[in-house]
1. Name all residues of the stretch 7-30 having a backbone nitrogen under 15 Å from the label point set 7 Å from the Cα of VAL191 along its Cα→Cβ direction, giving them as ranges.
2. Using 0.36 nm per residue, how much length does the chain from SER2 to ARG32 gain when fully extended, once their Cα-Cα distance is taken away?
3. Using the 10 angstrom Cβ neighbour count as an exposure proxy, how do PHE18, PHE3, PHE62, PHE73 rank, fewest first?
4. How much FRET efficiency would the formula 1/(1 + (r/R0)^6) give for ILE13 and ILE94, where r is the Cβ-Cβ distance and R0 is 25 Å, rounded to 0.05?
5. Report the extension gain between GLN107 and ASP160 in nm, rounded to one decimal, defined as 0.36 nm multiplied by the number of residues separating them, less their alpha carbon distance.
6. Work out, step by step, the length gained on full extension between HIS70 and LEU184: first 0.36 nm times the residue separation, then minus their alpha carbon distance; give nm to one decimal.
7. Whole angstrom only: what separates the Cα centroid of the stretch 85-108 from the Cα centroid of the stretch 32-81?
Amino acid sequence: MSFTDRLVLWLHIGFAIFALGPVTIAVLSTPRYIRGGNPVIVGYLLRTTRIYTLVSLGVLVFGLVSAQQHKEFSKPWLTISMTLFVVALVLLVIIMRDQRRAVHALQLAVAQATPVATPGTAVRPAEGHSDAAEEAADNAEAAHDPGPKPAGTTAGAAHDAHHIASVERGRIATMGGVVALIYLVILVLMVWR
């Protein structure tokens, strides 16, 4: 094996390690932060997914160069691996779309659910306060609340945004698992060719 053959193989392996791992972790971490309602972290995970998906194209490019150098394009394991890799890339593009929708829905939910303090009303305490403080705030709010809110209000919009984020969370978790499984199958094909 010549120096260039080894270099291309090491670049292929390096891109696989340093691109596929982070993109998988970013995708599989996203549902947790959607459930937590954190649009900032989900936006960060979206950018991470986008960057490492682009970097992961290096795995495909150097894999194709290595296969051409070794004249292995006719091997079935290589065809299966390339096909699965392209399927994983398509799924990652769909996941990025879902992450973008989840970020938008979470931002909308946060904007709609932010209480505005007006004279004579109580503002709900932030998470992490004691149950007694929350109960006191609920009682004070109920005393000043004129009744149930109609369906088209901000509470309804916030609920709809949370529902959209929850749906996207399920889709991302499912497709992220499929992408991780595809990468595992490709790894097995590469090792046991």
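1. Zone members listed by number: 17.
2. Stretched fully, the SER2-ARG32 segment lengthens by 6.2 nm.
3. PHE3, PHE73, PHE18, PHE62
4. Details: r = 27 Å, r/R0 = 1.08.
Here the calculated transfer efficiency is 0.40.
5. So the extension gain works out to 17.9 nm.
6. 38.7 nm is the gain from fully extending HIS70 to LEU184.
7. What the calculation gives is 14 Å, centre to centre.
No lab work stands behind these numbers, since they all come straight from the coordinates. Computed from a predicted structure; not experimentally measured. Here the Cβ is made from the backbone with ideal geometry for all residues, glycine too, and neighbour counts use every protein chain on show.
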